[in-house]
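**Student:** Here it is, the structure, as structure tokens.
Values in this text are rule-based calculations from the coordinates and carry no lab data. This is a predicted model, so every value here is computed, not measured. Here Cβ is always computed from backbone atoms with ideal geometry, including for glycine, and neighbour counts include all displayed protein chains.
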Ligand SMILES: Cc1cc2nc3c(=O)[nH]c(=O)nc-3n(C[C@H](O)[C@H](O)[C@H](O)COP(=O)(O)OP(=O)(O)OC[C@H]3O[C@@H](n4cnc5c(N)ncnc54)[C@H](O)[C@@H]3O)c2cc1C
Ligand code: FES
Ligand code: FES
């Protein structure tokens, strides 16, 4: 399988990349790690006229602690995120989800920016980004805007980014003290999630102050399990509370059937994975 | 229209003009004649095409040759030194870590990258680390053994 022919540019700076996108609003595509885009191009499901490679822009790969948040450059790979001490300490859920993306080789190439921009409902990072209250920085020649993760994922493979915008940075408020975990279920090693659950729980004096519970691959975007969140809020941390709350993870869910999983099976997985993620995060079982 | 690239392959700097859509695996196999790197699935699933890009394992069927411009690639042809097999090659041989051999170049490159990050992996960590490499023959037992043997060998070296 060979992609259709395209023109190729590898700009050395963000400014140059933004100018290229502005000059080709309809037919250019950015390429980061290429691990979502190249498979689509090989199948000729994507046939960009111009490929703009972000790989030669030096300053898009970093993880920094800045005041009250982590700043992660869009070209940072899943592997780099998964092993970063700063990410483990400040936003453990992100490291947890990046560590289970695909396989070793995929994590070496795939990037945080590419994963979020691609907005695939089966991807692991979008659910984490939502649970973490991430802010996404988009830049174009018309300026910079900051988009909340909650507004970013709009539909299957559709984000809030305009064609001429580049996702440059992901900002994650420090999560210190929160109990967090990501659980995914896959049929084969290295696979995408059939369903995933990202949880983040803030506690105060043994009671749950706030819970964020976001599910992967049960709708066109990551889905917030509101019933679980409100069942947890204000409750003491206990196995019974967690089990009862997780039972509500499928409330209102209407997942599309897939070859590998019926809607009922996905609803079942949503309940089980939500419970497992909460139990692991809160260290109860 | 060609794109000029400079890629260091197994320590030798290569300069070529390539079509932008040329995949790295075909650059290695067809342009350079390094056919040790195999294509199994062509869909980023099997790992037969695994090479090292700046020391990290990548699936070269899903990297453009132009993306490797300015970087260093190591293939299975580049790991023996002075006619001496790499300890990982020795270990695959000694432990019968292969049958038909189709997956072997990718397995060996992924295993080298794995030990680079985790010099003394547990069997579970080996299985996890190699989850992107499929073998239809061995049942993996002897591949895991080979990686353990190589780890011991390299630790002694
Ligand atoms: C075999 C295999 C298994 C995988 N398994 C998983 C899995 O289990 N879980 C998971 O989450 N993912 C999985 N992935 C996807 C992988 O994580 C991708 O790498 C990731 O989703 C996209 O990142 P990328 O850097 O490769 O983006 P690319 O493929 O380069 O780009 C993807 C899209 O995003 C756009 N884009 C890229 N960067 C930017 C940017 N900075 N600003 C604006 N737009 C941008 C591109 O134009 C393109 O449309 C898998 C991929 C493969 C090949
Ligand atoms: S040929 Fe590249 S992963 Fe199978
Ligand atoms: S030895 Fe035949 S595929 Fe692995």
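**Student:** Going highest first, how would you order B:21-30, A:249-258, B:117-126 by mean Cβ packing within 10 Å?
**Tutor:** B:21-30, A:249-258, B:117-126
**Student:** Given 10 °C and 1.306 mPa s, compute D for the stretch A:123-263 with the Stokes-Einstein relation, Rh being the Kirkwood radius over Cα pairs; round to the nearest whole µm²/s.
**Tutor:** Estimated diffusion coefficient is 97 µm²/s.
**Student:** State, as an integer percentage, the relative contact order of the stretch A:124-259 based on alpha-carbon contacts under 8 Å between residues 6 or more apart.
**Tutor:** Values: 245 pairs, mean separation 26.7, N = 136.
Across the stretch A:124-259, relative contact order equals 20 percent.
**Student:** With just the Cα atoms of the stretch B:3-78, tell me how far they stretch along each of the three principal axes, in Å, largest first.
**Tutor:** Principal-axis extents of the Cα atoms in the stretch B:3-78, largest first: 29, 24, 21 Å.
**Student:** While we're on this one: Simple spin-label model, 7 Å along Cα-to-Cβ: residue B:124 to residue A:68 in nm?
**Tutor:** The answer from the label model is 3.9 nm.
**Student:** Can you give me the angle between helix A:263-282 and the longest principal axis of chain A, using Cα atoms only, in degrees from 0 to 90, rounded to the nearest 10?
**Tutor:** Rounded to the nearest ten degrees, it is 80.
**Student:** Could I ask something else about it? Please work out the Cα convex hull volume for the stretch A:59-173 and give it in Å³ per residue.
**Tutor:** Working: hull volume 10.8 nm³, N = 115.
Convex hull of Cα atoms, per residue: 94 Å³.
**Student:** By how many nm would the segment from residue A:44 to residue A:27 lengthen if fully extended, with 0.36 nm per residue of separation less the alpha-carbon distance? Walk me through the numbers before you get to the answer.
**Tutor:** On the way: separation 17, 0.36 × 17 = 6.12 nm, distance 1.43 nm.
Stretched out fully, the residue A:44 to residue A:27 stretch lengthens by 4.7 nm.
**Student:** Just counting partner chain Cβ atoms within 10 Å, what average do the residues of peptide A:31-44 show around their Cβ?
**Tutor:** The per-residue average across the peptide is 3.
**Student:** Something else about it: Sort A:1, A:75, A:104 by Cβ crowding within 10 Å, fewest neighbours at the top.
**Tutor:** Values: A:1 13, A:75 22, A:104 25.
Listed from fewest to most nearby Cβ atoms, that is A:1, A:75, A:104.
**Student:** How high is the relative contact order of the stretch A:192-279, in percent, counting Cα pairs under 8 Å that sit 6 or more residues apart?
**Tutor:** Values: 154 pairs, mean separation 26.4, N = 88.
Reported relative contact order: 30 percent.
**Student:** Moving on. Grab the DSSP H runs of chain A that are 4 residues or longer, score each as -39,500 (n - 2.57), total them, divide by all residues and round the 222 nm result to the nearest 500 deg cm²/dmol. Don't jump to the answer; show the numbers that get you there.
**Tutor:** Numbers: 12 runs with 94 residues, N = 285.
Computed mean residue ellipticity for chain A: -9000 deg cm²/dmol.
**Student:** For chain A, compute Rh as the Kirkwood radius over C-alpha pairs and then the Stokes-Einstein diffusion coefficient at 37 °C and 0.692 mPa s; write the answer in µm²/s, rounded to an integer. Numbers along the way, then the final one.
**Tutor:** On the way: Rh = 19.3 Å.
Using the Kirkwood radius from Cα pairs, D works out to 170 µm²/s.
**Student:** What FRET efficiency do you get for residue A:85 and residue A:202 if R0 is 22 Å and r is their Cβ-Cβ distance, rounded to the nearest 0.05?
**Tutor:** Details: r = 22 Å, r/R0 = 1.01.
Efficiency at R0 = 22 Å is approximately 0.50.
**Student:** Enter the angle in degrees (range 0 to 90, nearest 10) between the Cα long axis of helix B:141-156 and the first principal axis of the Cα atoms of chain B, meaning the one along which they spread out most.
**Tutor:** Roughly 90 degrees, rounded to the nearest 10.
**Student:** Per residue of B:54-64, what is the mean number of Cβ atoms on other protein chains within 10 angstrom of that residue's Cβ? Numbers along the way, then the final one.
**Tutor:** Details: counts 1, 1, 7, 6, 7, 9, 1, 4, 11, 6, 10.
Mean shielding by partner chains, rounded to a whole number: 6.
**Student:** Let me ask something else about it. How far is it, in nm, from the label point at residue B:12 to the one at residue B:100 when both lie 7 Å from their Cα along the line to the Cβ?
**Tutor:** The two pseudo-label positions are separated by 3.0 nm.
**Student:** Taking the Cα centroid of the stretch B:47-119 and of the stretch A:157-202, what is the distance between the two, rounded to the nearest whole Å?
**Tutor:** Using only Cα atoms, the two centres lie 31 Å from each other.
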